[in-house]
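The values are calculated or read from the model by the stated rules, or taken from the named source; none is laboratory data. Predicted model, so just to flag it, every value in this text is computed and none were measured. FYI the Cβ positions are ideal-geometry reconstructions off the backbone, even for glycines, and counts take in every protein chain you see. Side chains included, ligands, DNA and RNA excluded: accessible areas come from the protein's heavy atoms. Shrake-Rupley method; radii C 1.70, N 1.55, O 1.52, S 1.80 Å.
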Amino acid sequence: MIIIEGLDKVGKSTLARELSKGGDAQPIHYGRPSSSSLLSVFDEYADPLRHMTHKHEAIFDRYYLGERVFGPVIRGSSGISAFEMEVLERAVEAEGGLLLLCKPHLPIDDFVKELKVDDATTPANAGALVSLYDAEFAKSRLPKITLHPRAHVVGSPSYIEILNTIQTLHRELLEQRASYGYLRKDYCGSLKPD
């Protein structure tokens with residue numbers, strides 16, 4: 001499982017598509033939690049973990065960390081508590097998860113000039129979002145990489161090197177996943193549907 005996080009327009013979706021090429025993992029995009037859902041925000045993020053198998057890989061184009069960042073800035077609070085975050089992190093860790101934080105390729109003041117009106121990241125909130133992402137990323141227990149994908153041209157040697165590094169690290173994590181069996185039992189077991 002690879003989770004790609006970051007502000008709007010930093011290259012998350014392109015990176016997810018490039019990582020999925022040649023594999024069986026399709027990128028799964030998470031945006032704002034559904035307000036019409038009968039599930040809690042936590043359950044919306046836990047649901048894919050309930051159905052994960054070691055045979056299928058997933059690439060998340062934004063996931064629960066995005067809720068911990070965008071929730072407080074956009075809606076005034078996160079829909080995921082610190083405890084729920086810990087449960088999700090342990091379950092993702094048990095799946096051999098890797099966390100990627102994509103950062104803007106330009107200084108923030110220049111970067112926000114490229115945003116569209118309908119993006120959740122705005123000139124007014126970009127600084128707060130960057131700070132929250134940095135804080136949540138630092139707290140994460142997952143193996144993690146920070147990168148600036150838009151600083152590279154897709155298909156260029158430097159972009160291919162980024163993809164190869166991510167894929168190599170992810171393979172190593174998957175090889176270690178068997179040793180996380182106790183985590184899967186203790187944390188994912190409680191996420192299984194009744």
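Listed values for segment 75-82 are Karplus-derived 3J(HN,Hα) couplings in whole Hz (6.51 cos²θ - 1.76 cosθ + 1.60, θ = phi - 60°), namely 10, x, 6, 7, x, 10, 6, 4, and x replaces Gly and Pro. Put simply, the amide H of residue 98, placed in the peptide plane, has neighbours under 5 Å in 2, 3, leaving out anything fewer than 5 places away on its chain. Within the listed set 168, 121, 146, the Gaussian network model of the chain (springs between alpha-carbon atoms below 10 Å) gives the highest mean-square fluctuation for 168. Among 106, 129, 88, which one shows the highest mean-square fluctuation when the chain is modelled as a Gaussian network with alpha-carbon springs under 10 Å? Comparing 106, 129, 88 in the GNM, the peak value goes to 106. Protein heavy-atom surface of the chain, 1.4 angstrom probe: 55% of the accessible area is carbon and sulfur, with nucleic acids and ligands not counted.
Pull out a ≥ b ≥ c, the square roots of the eigenvalues of the alpha-carbon gyration tensor of the chain, then state rounded if a/c is under 1.5, prolate if not and a/b is larger than b/c, and oblate in the remaining case. Oblate shape, in that a/c is at least 1.5 and b/c is the bigger or equal ratio. Couplings 3J(HN,Hα) for segment 110-115, derived from phi with the Karplus relation 6.51 cos²θ - 1.76 cosθ + 1.60 (θ = phi - 60°), are 7, 4, 5, 5, 8, 6 Hz, where x marks Gly and Pro. Under 5 Å from the amide H of residue 28 lie the amide H atoms of 59, 60, 61, each residue being 5 or more positions distant or on a separate chain, with H modelled from the backbone and absent for Pro and chain starts.
When you filter the trypsin sites (Lys or Arg not before Pro) in segment 43-118 for DSSP loop state and at most 10 other Cβ atoms inside 10 Å of their Cβ, you are left with 55, 116. Placing +1 on the Cβ of every Lys and Arg and -1 on the Cβ of every Asp and Glu, with nothing else charged, gives the chain a dipole about its Cα centre of roughly 160 debye.
Treating r as the C-beta distance of residue 125 and residue 156 and R0 as 45 Å, the FRET efficiency rounds to 0.90.
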